[in-house]
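Note sheet for the following structure.
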Amino acid sequence: MIFFGHVGITAFLAALLFLPFAVAALGGILPDIFDKALFFIGLAPCSRFFGHTILFAMFAGFAAFALTRKKHYAVAMTFGSLLHLVQDMQ
């Protein structure tokens with residue numbers, strides 16, 4: 001899916017669920033940023049690697065909580081990362 005699709009759909013659905021939509025939108029593009037950076041520098045065999053896993057979504061949520069100590073930010077980040085995987089399935 002294209003960049004604006006990930007951001008727009010994720011932000012819209014997060015707003016419907018009363019989650020911080022900016023954090024969810026960041027979570028929605030974070031898998032692409034992470035994997036494409038690893039691929040570009042030669043540490044990943046393809047552009048869909050670790051960032052496109054459920055484990056990465058959980059890690060992103062834990063990292064958001066560790067940085068902010070706000071549970072709703074962690075939920076929004078995890079939601080955005082998981083929704084990215086759903087959007088990439090089409």
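The values are calculated or read from the model by the stated rules, or taken from the named source; none is laboratory data. From a predicted model like this one, the values you see are computed outputs, not experimental measurements. Here the Cβ is made from the backbone with ideal geometry for all residues, glycine too, and neighbour counts use every protein chain on show. To get the accessible areas, we keep the full protein, side chains included, count just its heavy atoms, and leave off ligands, DNA and RNA. Shrake-Rupley method; radii C 1.70, N 1.55, O 1.52, S 1.80 Å.
What the table shows:
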item	result
For peptides 71-83, 47-59, 27-39, sequence by mean Cβ density within 10 Å, most packed first	71-83, 27-39, 47-59
Accessible surface of the chain, 1.4 Å probe, proportion on carbon and sulfur as whole %	80 percent
For the chain, size of Cβ-based charge dipole, Lys and Arg +1, Asp and Glu -1, in debye	280 debye
Residue-normalised accessible area of the chain, given per residue in Å² at a 1.4 Å probe	62 Å²
Positive-end residue, the chain charge dipole about Cα centroid, Cβ charges, pick of LEU43, PHE62, LEU30	PHE62
Point-to-point label distance, PHE12-ALA66, nm (Cα→Cβ direction, 7 Å offset)	3.4 nm
